[in-house]
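Only the coordinates and a few stated rules stand behind these numbers; no lab work does. Remember, it's a predicted structure, so these values are computed and weren't measured experimentally. Cβ placement follows ideal geometry from the backbone for every residue including glycine, while neighbour counts extend to all protein chains displayed.
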Amino acid sequence: MEKIFLVEVVEEKEEGGGDKMVGKYTYISTATTTIVKPGPSILMGILITETAAGAITVYDNASAASGDVIALFKASIAEGYYEIDTACRNGIVIVTAAASKLTVVYR
């Protein structure tokens with residue numbers, strides 16, 4: 001069974017009194033289509049926690065694996081944080097072609 005963890009956006013006070021926006025995240029660990037955020041959002045980045053088992057495709061869509069492709073990670077891409085920092089007009093949908101382990105960070 002796939003585990004998905006969600007965290008609410010929180011505003012924190014930085015030293016000196018400014019606000020800092022903290023994002024939400026979704027963890028994906030199976031071959032699946034995941035609706036990360038249905039609606040306008042900002043895709044901050046993707047953390048791949050072990051070498052990807054298959055291709056990972058990121059779409060700007062609210063509910064389906066179609067529309068504008070924001071990013072495409074090839075199978076066997078190395079672990080690491082991949083900063084994307086882009087606005088998504090419709091939403092964020094991730095398709096994992098194999099059981100890759102990744103965390104999508106967005107707001």
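Shape of the stretch 10-106 from its Cα gyration tensor (a ≥ b ≥ c, root eigenvalues): rounded if a/c is under 1.5, otherwise prolate when a/b > b/c, or oblate? Oblate, because a/c is 1.5 or more while a/b does not exceed b/c.
The order of the peptides 30-40, 52-62 by mean Cβ neighbours within 10 Å, most packed first, is 52-62, 30-40.
Computed extension gain for ALA99 through GLU83, at 0.36 nm per residue and net of the alpha carbon distance, reaches 3.6 nm.
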